[in-house]
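The values are calculated or read from the model by the stated rules, or taken from the named source; none is laboratory data. Quantities reported herein were computed from a predicted structural model and do not represent experimental measurements. Heads up, the Cβs are rebuilt from the backbone with ideal geometry, glycines too, and the neighbour counts pull from every protein chain shown. Surface accessibility is based on the protein's heavy atoms, side chains included, excluding ligands, DNA and RNA. Shrake-Rupley method; radii C 1.70, N 1.55, O 1.52, S 1.80 Å.
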Amino acid sequence: MVTLLCALTALIWTYLFTVHGRPLIGWKTARRGHPFWRQGPALSAGEMTGPWPSVAIIVPARDEVATIWPVVRAHLATHYPGPWHLTVVDDHSSDGTADLARAAAGDNPNFSLTSPPALPTGWSGKLWALNHAIEQATAMATPPDYILLTDADILHQPETLQRLVTYAVTQATAMTSLMARLDARGFWGGLLMPAFVYFFMKLYPFARVNAPGDRLAGAAGGCVLVRTARLKAVGGVAAIRNALIDDCALAERLKNHVPRAPIFLALARDEITSLRDNHSLASIWQMVSRTAYTQLQHNPTLLLLTLIGMALVYLLPAMVIITAIAGWPVPAPVILFALISFALMSISFLPVLQLYKKPWALTLTLPLAAVFYTLMTLHSAIQHWRGRGGAWKGRTYSLTRDERSSVP
């Protein structure tokens, strides 16, 4: 039985390493593209022709006093050559976020601060805040051509907006999204955050997300540039008002709305950086467990399959190798299959570690990281069953409807 399980694991890793993530066209896997573990395209600079479109930058903020100052200052230092305006949406903060944002902006005419009405039933707090600011922006005499939705802990470089808009215009994308560089300092950040990016790439392979003929859609909510007309055509954020993983829910609507338009998702190199502190396990645990069970559509069967799959794919090869090293008798075929699986796992993890400038030896820790993410997923389900699902900054969203969406 162990030999068969190890052989199955090696077969799964062979598929993941060579095939998984390549675009799907109908029932066929396209030869173009690359497997999920390859980082994919960067946000190319490109060249703009014609006038620069107008952009509304919207930053929802709820109790973000730790990061709002540098974030506002960074946005106001943008080198974007076209018309733009920054709106911070204070979502009823209790820590002075609004005052600090206003102080950071000073008397800059490109800045405004607003606050949404009380949160109505059926909305997530973030989407209600975004909807409020989007309605204000689009009600102007000259609505913005594009809307940049970004978080209050995401630091943008001065050239980032220009590069985002250039790509969106030249490639005619409905959405252009970057996954920010995450804080991977310290023990827990180093162990879990590169693995977080790796698992995200496996769930939402960039080659498939970026392929127009593939229906898979994904986004990273920390930085999402959308074409205003396209957003309006899909019903705005009101169409996904109760989605906890709102970035991919919006991406799915934008990509698959008829007439279809491409979307773009990539890892940020130096364009944007997350200021969220990932030094503590508790902080990472809260972030993941908030939406992990939503990712599984609140389905106990999918949860069980996920737990079995994580144990089979990540833990079994490591346990076999550790057992063999400890001197216990292990059949040669079992060791061979385990070594094949572990080698493919390690090689596929290397590009993310290189991006985060981490030593190659951390490839050995991926099974351990998988254990923690499995426990976070199980905790997410338990919190949902207790009626505490989606807890975030004083709000709880115990939604039961099927939601398709993603991570931070």
Study note, to complete from the structure: From the option list L244, L305, L267, L296, single residue qualifying as among the hydrophobic types (A, V, I, L, M, F, W, C) and at pLDDT 95 or above is L305
Point to revise | Filter result for the condition that a residue is among the polar types (S, T, N, Q), surrounded by 19 or more Cβ atoms within 10 Å (Cβ to Cβ) and either out of contact with any Lys or Arg (no Cβ under 8 Å at 6 or more places or on another chain) or within 23 Å of L375 (Cβ to Cβ) (or both), over Q295, Q286 | key: Q295
Practice item. Could you check, for region 58-75, whether at least one of its residues is touching a Pro at 6+ places or on another chain (Cβ under 8 Å), in contact (Cβ under 8 Å) with a residue 60 or more places away in the chain, open to solvent by 20 Å² or more (accessible area, probe 1.4 Å) and assigned to a loop (DSSP other than H, G, I, E, B)? Key: no
Point to revise | Residue match in region 364-375 (condition: at pLDDT below 90, surrounded by fewer than 16 Cβ atoms within 10 Å (Cβ to Cβ) and in a helix (DSSP H, G or I)) | key: no
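Yes/no matrix, rows are residues, columns are (1) under 13 Å from the mean Cα position of the chain (by Cα); (2) surrounded by 24 or more Cβ atoms within 10 Å (Cβ to Cβ); (3) in a strand (DSSP E or B):
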| residue | (1), (2), (3) |
| --- | --- |
| A239 | no, no, no |
| L244 | yes, no, no |
| D247 | yes, yes, no |
| L250 | yes, yes, no |
| R253 | no, no, no |
| P259 | no, no, no |
| L265 | yes, yes, yes |
| D270 | no, no, no |
Check your understanding: Just checking, how many residues over region 376-408 are modelled with pLDDT under 55, of a type outside the set (S, T, N, Q) and either touching a Leu at 6+ places or on another chain (Cβ under 8 Å) or closer than 30 Å to L344 by Cβ (or both)?
Key -> 5
Point to revise | Subset of region 274-311 [of a type in the set (S, T, Y) and either out of contact with any Asp or Glu (no Cβ under 8 Å at 6 or more places or on another chain) or without any contact (Cβ under 8 Å) to a residue 60 or more places away in the chain (or both)] | key: S280, S283, S289, T291, Y293, T301, T306
Point to revise | Top-ranked residue in region 101-116 [being closer than 24 Å to P81 by Cα and aliphatic (A, V, I, L, M); ranked as most open to solvent (accessible area, probe 1.4 Å)] | key: L113
Check your understanding: For region 133-190, which residues satisfy the criterion of being more than 23 Å from D63 (Cβ to Cβ), among the polar types (S, T, N, Q) and open to solvent by less than 30 Å² (accessible area, probe 1.4 Å)?
Key -> T160, T166, T173, T176, S177
Practice item. Identify, by number, the condition in (1) modelled with pLDDT under 95; (2) open to solvent by less than 50 Å² (accessible area, probe 1.4 Å) that P51 doesn't meet. Key: (2)
Review point. What pairs can you find where one residue is in region 237-255 and within 13 Å of V224 (Cα to Cα) and of a type in the set (D, E, K, R), the other is modelled with pLDDT of 90 or more and part of a helix (DSSP H, G or I), and their Cβ atoms are less than 6 Å apart, with a gap of 6+ or different chains?
Key: D246/L127; D246/I240
Review point. Taking the stated definitions as given, is T97 modelled with pLDDT under 90 and within 27 Å of R290 (Cα to Cα)?
Key: no
